[in-house]
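Down below is the structure, laid out as structure tokens.
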Amino acid sequence: MIIDCHGHYTTVPTAHTRWRADQLAALLAGAATPSYPDVSDDEIRTSVEENQLRLLRERGADLTLFSPRASAMAHHEGDLPANVAWARACNDLIARVVEMFPEHFAGGCQLPQTPGGRLDEAIAELRRCAGLGFVGLNLNPDPSGGHFTAPPLTDPYWFPLYEAMCELDMPAMVHVSASCNPAMHATGASYLAADTVVFMQLLQGNLFATFPELRLVIPHGGGAVPYHWGRYRGLADMLGKPSLDTHLMRNVFFDTCVYHQPGIDLLLSVIDHDNVLFGSEMVGAVRGIDPTTGHYFDDTLRYVDHYADVAGLTAAGREQLLSGNARRVYPRLDRILRDQGR
């Protein structure tokens, strides 16, 4: 079985996206929020079957952890009530996709966050989505949209959310959203910078001594971390921290959303395979065809398969990367799959 841990609903029906623009415009004008539009099952089915589901089948994977479009979370826009309504609308669409295609998608939820805002509503939405059968969540460490004004993820500000995550057995993918900072391109700078920044925050702190059951997935191959693994090992030593394997890597995981073979080779050569989940973020930040290979940049299964062949991975080792780790990190997903006989 092949589980893609990183998928976003980037192909939502137009009416959904238009409603968010109308909602923000009404908020700015001091007008009443327009009613959410009717989005038909046929619109949802077509938007998925012609895109993510088609590629899932063509590329040979089985299931995607599916969450709302990351760039559209845009927690720096609107206010908290608007973002509560937006998160609920986005998560409800994900729930409908999962209901239509239960063998191919599992839900990851968006939280209503705002810069400096309280987390009560985020926790409430997390609990609501757990009740809808979601298996994980996206956590934005930078709700300011590229200015990084939030406290580090090791700060007690976040602890009530972590308590709920541990209670519900739901890990978070640490994922920023759109950038309103002109010095920080969203997908090329802000996303990768946040991945790297968050890892260093965790290294400096001692979060997992307080929350030993907390699990965080740092996407996009862990940002710059694998490339600078020696630096982080050295920093841990200089700061008087335990070695990374005991300090962080029982709780921190990376995905394979790295869009060339040398990058995947580096990731899987440096990071213990227990800490790597297969992911592609297909129909996401990088959608084109690599002219040097003739294949889509985000067809990451090709890279993982090539590495497995060259490295001589056993069938069990390949299964670990492609599904076993995801089932271990996302136990609610594992229970769903077991109930399905998989």
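Given axes a ≥ b ≥ c from the Cα gyration tensor, I'd like to know whether segment 171-214 is rounded (a/c under 1.5), prolate (a/b larger than b/c) or oblate.
prolate
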Original post:
So what is the accessible area of the chain per residue, in Å², with the probe set to 1.4 Å?
Top reply: 41
Subject >> Compactness index (Cα Rg / 2.2 N^0.38 Å), segment 166-239 >> reply: 1.22
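Taking a quarter of the surface of the convex hull around the Cα atoms of segment 97-182, what do you get in nm²? Show your work: numbers first, answer last.
Numbers: hull surface 24.6 nm².
Mean projected area of the Cα convex hull: 6.1 nm².
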Original post:
In whole Å, how far is the Cα centre of segment 72-138 from that of segment 236-287?
Top reply: 25
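How much length is gained if the chain between His228 and Asp62 is pulled fully straight, taking 0.36 nm per residue apart and subtracting their Cα-Cα distance, in nm to one decimal?
56.5 nm
Semi-axes of the equivalent ellipsoid for segment 12-96, please: Cα gyration tensor eigenvalues, times 5, square-rooted, ordered largest first, whole Å. Numbers along the way, then the final one.
Working: eigenvalues 161, 37, 18 Å².
Each semi-axis is √(5λ); the values are 28, 14, 9 Å.
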Original post:
With contacts defined as alpha carbon pairs under 8 Å and 6 or more residues apart, what's the relative contact order of segment 1-100 in percent?
Top reply: 42
**OP:** With N set to the residue count of the chain, report its C-alpha Rg divided by 2.2 N^0.38 Å to two decimal places.
**Re:** 0.95
Original post:
Ala209 versus Ser269, label points 7 Å from Cα toward the beta carbon: distance in nm?
Top reply: 3.5
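Just the number: Rg to Rh for segment 210-342, Cα atoms, Kirkwood Rh, two decimals.
Numbers: Rg = 15.9 Å, Rh = 16.0 Å.
Using Cα coordinates only, the ratio equals 0.99.
Excluding the sites themselves, what is the longest stretch of the chain that contains no GluC sites (Glu not before Pro) in a DSSP loop with at most 14 other C-beta atoms within 10 Å?
Value returned for the longest uninterrupted segment is 214-342.
I need the calculated FRET efficiency for the pair Thr33 and Val310, taking r as the beta carbon distance and R₀ as 41 Å, to the nearest 0.05. Kindly include the intermediate steps, with their values, before the conclusion.
Values: r = 55 Å, r/R0 = 1.33.
Calculated value: 0.15.
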Subject >> Reduced Cα scattering model of segment 1-152, Debye log10 I(q)/I(0), q = 0.08, 0.11, 0.17, 0.21 Å⁻¹ >> reply: -0.23, -0.43, -0.99, -1.36
**OP:** Can you pull the one-decimal nm distance between simple spin-label points at Glu319 and Asp22, each 7 Å off the Cα toward Cβ?
**Re:** 5.0
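How much of the accessible area of the chain, in percent, comes from carbon and sulfur atoms when a 1.4 Å probe is used? Walk me through the numbers on the way to the answer.
Details: 7430 of 14120 Å².
Ligands and nucleic acids excluded, carbon and sulfur reach 53 percent.
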Original post:
What is the spin-label model distance, in nm, from Asp237 to Glu50 if the labels are put 7 Å beyond Cα along the C-beta direction?
Top reply: 5.6
Original post:
If you average the sequence gap of Cα pairs under 8 Å that are 6 or more apart and divide by the length of segment 227-342, what percent do you get for the contact order?
Top reply: 23
Original post:
Within the chain, which cysteines find no other Cys whose Cβ is under 4.7 angstrom from their own?
Top reply: Cys5, Cys90, Cys166, Cys180, Cys257
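The values are calculated or read from the model by the stated rules, or taken from the named source; none is laboratory data. Predicted model, so just to flag it, every value in this text is computed and none were measured. So basically every Cβ, Gly included, is an ideal-geometry build from the backbone, and we count neighbours across all protein chains shown. Only protein heavy atoms, including side chains, enter the accessible area calculation; ligands, DNA and RNA are left aside. Shrake-Rupley method; radii C 1.70, N 1.55, O 1.52, S 1.80 Å.
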